[in-house]
Structure formats: structure tokens, C-alpha cells
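Read the figures in this text as sums done on the coordinates, not as results from a lab. These numbers come from a predicted model, not from an experiment. So basically every Cβ, Gly included, is an ideal-geometry build from the backbone, and we count neighbours across all protein chains shown.
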Amino acid sequence: MMTDIATDAPVAASDHDRPATPGRWVPPDLRRWLQLVLAAVWLWDGVLQYQSYMFTKAFGSQILAPTAQGNPAWIADSITWAAGIVEHNPVSTNTAFATIQLLLGLGIAWRPTVKPALVASIVWALGVWWFGEGLGGVLAGGADPLSGAPGAVILYAVLAVLLWPTTPATGPSATGSASAWFVAARPVGALAAKLVWLVLWVILAFFALVPAANRASQAVHDMIAQMASGQPQWLVAIDNAATSLSAGRGLVVSIVLAVVLAVIAVGVFLPAPVVRALLVLAVVVAAVIWVVGEAVGGVIGGQGTDPNTGPLLALLAAAYWPLRIRDTAVDTTSAAAAA
């Protein structure tokens, strides 16, 4: 039997809830589907890294090196050093980068290697966040959630932790709390997962207002207009509409965005029906950021290395969606098969 966390009412069991038997295929649960989406994003990154532009010296000098600007000297120097290596060896280094990302995607997609692949993805994501994104600009004074702060690749690491395959002992049955059950709670517990969500979205809200440059009257207008350059006509049309709406209203946009992000941040601590509504809002906000602020990650112009934060924020929201859970006996068997 299952329980709906919104009402605590029993729900009839289906074939998917029955214990797995030898030779019987068990459909992927939501956690596994989210792992596969994460794998697909890594594969997408690998394909983008194989674009011809990435095999030129410009990748090191024009994509990597500029992320050093504004960072503390010890961080900036390390980024400049790494960018110099890439600039002088563009073919070999980029081939390695692209291949690693493809292997991470394939490793997460193949169940026997999902755990080592997730560990490797965390290590790789942290390295790229430092040397490829300049820590997302959070120390450089120019971070803005509309343009990708705190850095897309750090979200890969967060997702790898929250989607980690677990044994039944750390699943919802062990906590005894039906109202706490969602995919991200399984590896770290409900409270820790909620705190991760809270911290992430509070950081986004903070950078919507800080630094002061984000509150300038033309800040949002100029940022969107810059991202629209070189994009297809349909995206330029959307961005033109956004620039018209935001012209001279940078402070208003920043305040409204910060408030919305702060509401989303506390949303996971509210009752399940409210959680669902705010998670839908989070996906809508992620979509707006992705299309308007990030120009779909710049992947259409041939110089995007990843889809940026929008899709990853939406994927993260799916990991917090309140779910029905199995009773202890059934959950123990099916979770063991899926881990």
C-alpha cells in the first residue's frame, strides 16, 4: 500500500509497487529517471565541447581566461595558468575535456557504473567550476542569477549528491516520515536536502540584489541585450521584448526576482500542496532565466560549452517533488533492486 503525503490517505498498490522477482524487469523509478536526465546533460556537454571553436586557441583565451577577471589573485592566477595550457594545446586538451564529459554521461547512464561515475562527476564539476567558470563569479563581484550564477557546473555536483543511489536503510522507510519523502531526501535525509535547497535559492536571491551593479537601472536591459547578440531571430525577438520591459527598471526587476527566489527557497518547508505549487514556480523561473537571461546557454551560437543553469535548476526541482511512498516491506525490496 502507498500513502499520499498530501493527505496521508492510503493509495492502492500497482504492479510497480510489488517486490521484484528474478528475471522480471522493474521500470526505473523517478530517481533513476533523473539520473538518466543528468547523464544526458553530461553527454550534451561532451557534444558541445566537440564543436570546432573549442579546438582553437580562442577557447583558452576568450572563454576560460576572462573568468579570472575580478577574482582574488590566487584564484585568478590559477585560472590564467590553466587557460594558458589550453590555449597552447587546444586540440589535445579539448579532446580530453570532451571525452571525459561523454564518459561521465555514459557512466551515469549505465547502472553498474553509476556510483563511480557520480563521484567522478563531482570531482570534475568542482575542477571546471574553479578553472572554467571562475567559481561562477561569486567572488568576482559580477555574479547574477539571470546570467548563470553561481555557476552551472556546481549544480552538477549538487545533483550528483542528491541523486546518489542509496540502500533502503537511508530511504524514506527508515525515517518513518511519509511527509518527508522526495527523491533528494533519500541519500542525505529530508532536513539536509531541504537545507541544500534553501541555501542554493537564498544565494540566488542574494546575487539578484548584490552587487550594486545588478540594481542599476539599465543592468538587466544591457545584460539581456548582450546575450541576444548572434542568436537566432526567434530568440532575439524574445530578448528584445524583455529588454523593452526591463529598460530603466533594473532595480525593480532585481527586487522582484530576489523576492520570488526567496519564496522558492523556503517553499520546501511548507505543506505538500504548497511545495508542489512553488516547485512549478521554480521551473517557470528556471525557464525564464534560461531563455531570457542565458540565451539557452549560448549553445546555438557555437560557443556554448553547457546549457547553463536553467535546465539544471528545473532538474533539481524535480528531485524535490513530493511523492507517494511504499510501506516499509515493499519499499525495502524495490529500493534494493533500484540501488
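Quick notes on this structure:
- Pairing each residue of the stretch 68-92 that is free of Cβ contacts under 8 Å to residues at least 40 places away in the same chain and over 11 Å from GLY134 (Cβ atoms) with any residue that is in a helix (DSSP H, G or I) and polar (S, T, N, Q), provided the two are 6+ apart or on different chains, yields C-beta distances under 6 Å for VAL86/THR93; GLU87/SER61.
- For ALA149, the conditions (1) outside any loop (DSSP other than H, G, I, E, B); (2) within 20 Å of the chain's Cα centre (by Cα) all hold with the exception of (1).
- Among residues of the stretch 23-44 that are over 17 Å from ALA120 (Cβ atoms), those with a beta-carbon under 7 Å from a residue that is β-branched (Val, Ile, Thr) and not in a helix (DSSP H, G or I) at least six positions away or on a different chain give the pairs LEU30/VAL183; ARG31/VAL183; LEU34/VAL183.
- Residue that is surrounded by the fewest Cβ atoms within 10 Å (Cβ to Cβ), among those in the stretch 267-282 that are among the β-branched types (Val, Ile, Thr) and more than 19 Å from PRO150 (Cβ to Cβ): VAL280
- In the stretch 186-203, residue surrounded by the fewest Cβ atoms within 10 Å (Cβ to Cβ) [restricted to those that are of a type outside the set (A, V, I, L, M) and in a helix (DSSP H, G or I)]: PRO187
- Sub-9 Å Cβ pairs linking a first residue in the stretch 229-251 that is in contact (Cβ under 8 Å) with a residue 60 or more places away in the chain and small (Gly, Ala, Ser) to a second residue that is exposed (fewer than 13 other Cβ atoms within 10 Å of the Cβ) and not in a helix (DSSP H, G or I), at least 6 apart or interchain, are GLY230/GLY302, ordered by first then second residue.
- Residue-level analysis places ILE300 among those that are closer than 30 Å to ILE100 by Cα, part of a helix (DSSP H, G or I) and either touching a Pro at 6+ places or on another chain (Cβ under 6 Å) or not acidic (Asp, Glu) (or both).
- The number of residues in the stretch 78-92 that are polar (S, T, N, Q) and more than 19 Å from TYR50 (Cα to Cα) comes to 2.
- Note on the stretch 120-135: residues that are under 19 Å from LEU102 (Cβ atoms) and outside any helix (DSSP H, G or I) amount to 1.
- Residue match in the stretch 104-112 (condition: part of a loop (DSSP other than H, G, I, E, B), buried (at least 21 other Cβ atoms within 10 Å of the Cβ) and of a type in the set (A, V, I, L, M, F, W, C)): no
- Filter result for ALA143 (crowded, with 21+ Cβ neighbours inside 10 Å, in contact with a helix residue (DSSP H, G or I) (Cβ under 7 Å, 6 or more places away or on another chain) and in a helix (DSSP H, G or I)): no
Yes/no per residue for (1) closer than 19 Å to VAL296 by Cα; (2) surrounded by fewer than 20 Cβ atoms within 10 Å (Cβ to Cβ); (3) touching a Ser or Thr at 6+ places or on another chain (Cβ under 6 Å):
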site: PRO211; (1), (2), (3): no, yes, no
site: ASN214; (1), (2), (3): no, no, yes
site: HIS221; (1), (2), (3): yes, no, yes
site: GLN226; (1), (2), (3): yes, yes, no
site: SER229; (1), (2), (3): yes, yes, no
site: ALA241; (1), (2), (3): yes, yes, no
site: ARG249; (1), (2), (3): no, yes, no
site: VAL256; (1), (2), (3): no, yes, no
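- Answer residue from the stretch 46-73, given it is exposed (fewer than 14 other Cβ atoms within 10 Å of the Cβ) and more than 27 Å from the chain's Cα centre (by Cα) and is nearest to PRO211 (Cα to Cα) among those: ALA73
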